[in-house]
There are 4 protein chains.
Amino acid sequence: MKIGLIGFGKAGKAVANVILQHKDFSLEWVLRKSGTLEHSTAKEVLGISVADPAMIYSEQNTDLEELLSKNTVDAIIDFSTAESIYSYGRIVSKRNIKIISAISHYEENEKKLLKELSSDTVVFWSPNITLGVNYLLFAASLLKNIAPNVDIEVIEEHFKAKPGISGTAVKIAETLDLNTSNINSVRAGGIVGKHEVIFGFPYQTVRLVHESISREAFGNGALFVAENLDKKKNGLYNFEDILRPYFFNQS
Amino acid sequence: MKIGLIGFGKAGKAVANVILQHKDFSLEWVLRKSGTLEHSTAKEVLGISVADPAMIYSEQNTDLEELLSKNTVDAIIDFSTAESIYSYGRIVSKRNIKIISAISHYEENEKKLLKELSSDTVVFWSPNITLGVNYLLFAASLLKNIAPNVDIEVIEEHFKAKPGISGTAVKIAETLDLNTSNINSVRAGGIVGKHEVIFGFPYQTVRLVHESISREAFGNGALFVAENLDKKKNGLYNFEDILRPYFFNQS
Amino acid sequence: MKIGLIGFGKAGKAVANVILQHKDFSLEWVLRKSGTLEHSTAKEVLGISVADPAMIYSEQNTDLEELLSKNTVDAIIDFSTAESIYSYGRIVSKRNIKIISAISHYEENEKKLLKELSSDTVVFWSPNITLGVNYLLFAASLLKNIAPNVDIEVIEEHFKAKPGISGTAVKIAETLDLNTSNINSVRAGGIVGKHEVIFGFPYQTVRLVHESISREAFGNGALFVAENLDKKKNGLYNFEDILRPYFFNQS
Amino acid sequence: MKIGLIGFGKAGKAVANVILQHKDFSLEWVLRKSGTLEHSTAKEVLGISVADPAMIYSEQNTDLEELLSKNTVDAIIDFSTAESIYSYGRIVSKRNIKIISAISHYEENEKKLLKELSSDTVVFWSPNITLGVNYLLFAASLLKNIAPNVDIEVIEEHFKAKPGISGTAVKIAETLDLNTSNINSVRAGGIVGKHEVIFGFPYQTVRLVHESISREAFGNGALFVAENLDKKKNGLYNFEDILRPYFFNQS
């Protein structure tokens, strides 16, 4: 499966790292805002020897139509910023190239655009594209469904400098219908990221815990999504749509 | 819902404690092997003032047919030993009284009998009847289904004197297709019971943790089952059958 | 070692339970406010068959001087309320009977009285008399001393109904010079009591965790203190005074 | 404080990274086996702009006496292999340059040499030079001293490919006089490194947990040691010698 990656910041680099090392996927090219690494390849930058072309292009010097004409892809993976969808969205959807977006936050306008694009191609969006966090959301919401009156609290731990409540914790609270007062934010040292959902029953406790080790988890999540979108019809999908079918196959 | 309880050992007492305090259930009577507490009530023994009759009977001095004729119940909850099913099984199934068995281990003969009885009434069996452990089994097996190649390890912690690997850990290993070498048994002090399933991905970790606080969790589990068997057709059910429908209702 | 116990509420009963079962200690009697169980023994109430007399007396019907004259003790263990010290303090200190108080909170007046009494006998006071919590305070304060700039956060988890921040968490915060904003209070289900101190370094994390299983931990703590006060001179001691000598003996 | 670093593998690079970013320390040079990066600086390799010279030298092309004559240091930090001590030991000890060795394992001969060198200079050796692990060893051994009969179990978690029991877990077991059967080794995914010591009391549990985030923890540990060796007399020290004085200053 041929991938075009939009964005090459910290997350983008980690994702490129994972794609380059996965035998079923080829990183065709990277398109980014900055012109700094133009004419280099993601392989050189990351020090990985593989066959993928992985050429880096800058947005201002690149005509996307032309790039796709000479080097098309099966899917776009977007780890850049919310506005990028305006510049690549229609061009790739017309060509029926799948869109996998991991943008943290879209405004209403962008969500509307995603919906429009999804009539021409498969469009996927998840603000946190790791498998672990999405599984946790799914499993937690199942337990809440089973035991609607159980007490639920969330603990999220991150490095000292992280401001505010983590976006993932907010998403967990929304999904489980909790108040912000049920979220306990711990900020200390260099903790990469830990989310714990505590279900307190009268005589027992269930805890669902997700710990991040590195940003490469985004890459694995994006490729998991790409694999699972394989034979999907045109439409707009989220991570729960991807996980749901696994339930029915459960032995 | 009227309940007859078979067994009044440590677990049985804890279960009686929960039933007596639940407004939607009435503990009609307790039937036990030993004659020690005969003519007392479970209310007196446990020091709870409620309306439930909760009279304690001993097996040797009690004719179950007669007892049911004057004081019938909607469901039997069995926390005694494996053989009890032979003495009460046919009598209650004929009367279409539900059977909820929490016996840890049945031999093939007893399993066959359960199957037979289930043509006349609703029969439920779960070797560990807590909601938390069964949810954990269900959620863990879902994640294993999503990520079949993930590394899975189990840590179970119990009080120093507990011999062997815990039955729940063995059940987790069977469900997830693990080897005994993937189970780590910690025995220390007075730990009541903790089970942790670790899913190790390359760049993230998911942990499902269940902690027992007291045996009363069995009681809550049994009543949860009783509620969920309410409009079920005759047949043999396990805990997964009870949990599965919650998935489809998931918002 | 002969013990007189003041107080027979939930904590007092758990403490009696531990003393009765410890071969090196004998529970001579229990003195309590309420007259309800007068003329019974703590052995009967708790269902333990041992040689300890363990007779229960009520304050209003008992002359402590007289009781001590016919049945003296080596130490008083006090799990009653703050005011009790006024009624028994001088009487027992004059007889050089050790005082071990586990009262959660004393006003200045009572602290002054303890100080006075300590010129006549060994007086010990700790608001939380479990070994685990006191060790945690001690070990945490040592790490803070080693790494004064480390980020420290506290998570305390208790049953849903527990109001406010736990006294132990407040004590941890005082000891480590933290703000209340560094304490995260989780209230869910029937959690007995868990305190976690997180030390976040840039590239590593250290966690000290204490979990309560039952109130009997108070009893073990009180007897640990009693053993360690054995050859102490008259004076006022706290738990840190008891733990400090273990450091010097450390191999 | 001027530092010369021996070794520039994964750990050595992480240590250089920390030294370069610490304002109180200057990385004068790096001496390593391989000649690959000769004539580069550690600053270039790690992409850090600072004033430290940090020139990289290879052992085969470098005369250490000459290097020290033109660019002396206050301390050597050794993250290379056990044999290196033979080539640099006497040269630096003669010049009263401190030796801080983080070599995982030394044979008897090398330990004897360290002892000899320590008559001429301050010599420090710790097989695991992180502050967290050494604090954990120290604090665990204190609790074992307080409660010699408590049940102790160790859980160590690492990435799937790590063979055998972790060296740190073995060290914990030796320090606490445990059997290998008390160590539970979990291998799953990409877990960086977690060590948990569980103290199981009858009615409470204490857990000491250390989690590694990255190898840079070695660098912080080495600099912590360097600071604490500042006014020490010649002699051979280990990490416990460094931690012990903090106890006496404990408020």
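None of the figures in this text is laboratory data; all of them are computed from the coordinates on show. Just so you know, these numbers come straight off a predicted model, no measurement behind them. Cβ sites come from the backbone with ideal geometry, for glycine too, and all protein chains shown count toward neighbours.
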Cα-projected label distance for A:K233 with B:K231, points at 7 Å along beta-carbon direction, nm: 3.1 nm
Under-5 Å amide H pairs with D:A54, H placed in peptide plane, nonlocal only: D:E28, D:W29
Local electrostatic count, A:S185, Cβ distance below 10 Å [Lys/Arg +1, Asp/Glu -1]: -1
Under Karplus coefficients 6.51, -1.76 and 1.60, residue-wise ³J(HN,Hα) of the stretch B:212-226 in Hz, glycine/proline x: 8, 9, 7, 5, 4, 4, 5, x, 4, x, 5, 6, 4, 4, 4
Distance cut-off 15 Å, percentage of C-alpha pairs in the stretch A:1-94 lying past it: 55 percent
Distance (nanometres) between label positions extended 7 Å along Cα→Cβ at A:I165 and C:N71: 5.7 nm
Per the axis that maps chain B onto chain D, nearest residue of B (Cβ criterion) and its distance in Å: B:N184, 2
Loop-located trypsin sites (Lys or Arg not before Pro) in the stretch C:1-86, at most 10 other Cβ atoms within 10 Å (DSSP): C:K23
Cut-off 9 Å between beta-carbons: net charge of the residues surrounding A:F199, Lys and Arg +1, Asp and Glu -1: 0
Residue list for the stretch C:65-109, given a label point 7 angstrom along the Cα-to-Cβ vector of C:T180 and an amide N cut-off under 15 Å: none
Percent antiparallel among DSSP beta bridges (both partners in the protein assembly as shown, rounded to 5): 40 percent
Neighbouring partner chain Cβ atoms per residue of A:155-165, average, 10 Å criterion: 2
Inter-probe distance in nm under a simple model that places probes 7 Å from Cα toward Cβ, at D:R244 and C:T36: 5.4 nm
Residue mean of other protein chain beta carbons inside 10 Å, A:215-225: 2
Considering only chain A, percent of DSSP beta bridges that pair antiparallel, nearest 5: 35 percent
Karplus 3J(HN,Hα) series, Hz, for the stretch B:104-120 with 6.51 cos²θ - 1.76 cosθ + 1.60 (x for Gly, Pro): 5, 9, 10, 7, 3, 4, 6, 4, 4, 4, 4, 4, 4, 4, 6, 7, 9
10 Å Cβ shell holding at most 13 others, DSSP loop, GluC sites (Glu not before Pro): longest site-free stretch of chain B: B:108-251
In order through the stretch A:191-203: 3J(HN,Hα) via Karplus (6.51 cos²θ - 1.76 cosθ + 1.60), integer Hz, x for Gly, Pro: 3, 5, x, 9, 10, 10, 9, 9, 9, x, 9, x, 10
Equivalent-ellipsoid semi-axes of the stretch D:131-212, from the Cα gyration tensor, Å, largest first: 22, 12, 12
Coordinate range along principal axes, alpha carbons of the stretch B:40-197, Å, largest first: 57, 39, 26
Other-copy label distances relative to A:S87, 7 angstrom Cα-Cβ extension, nm: 5.1, 8.1, 8.2
Gyration tensor over alpha-carbon atoms, the stretch A:110-251, equivalent ellipsoid semi-axes in Å: 28, 20, 15
Set D:K171/D:K233; A:K70/A:K171; B:K194/D:K171 screened for pairs whose C-alpha atoms are more than 30 Å apart: A:K70/A:K171
Charge dipole (debye, nearest 20) of the stretch B:171-219; +1 at Cβ of Lys and Arg, -1 at Cβ of Asp and Glu: 140 debye
For A:S84, net neighbour charge (Lys/Arg +1, Asp/Glu -1) across residues whose Cβ lies under 15 Å away: -1
Sites B:T62 and C:Q60, calculated FRET efficiency, Cβ-Cβ separation with R0 51 Å, nearest 0.05: 0.60
The protein assembly as shown, Cα convex hull volume normalised per residue, Å³: 194 Å³
Number of partner chain Cβ atoms within 10 Å, mean per residue of C:125-135: 3
DSSP bridge orientation in the stretch A:131-212 - percent antiparallel, rounded to nearest 5: 75 percent
Spatially proximal lysines relative to C:K43 (Cα-Cα < 18 Å; intrachain offsets below 8 disregarded): C:K2, C:K10, C:K13, C:K23
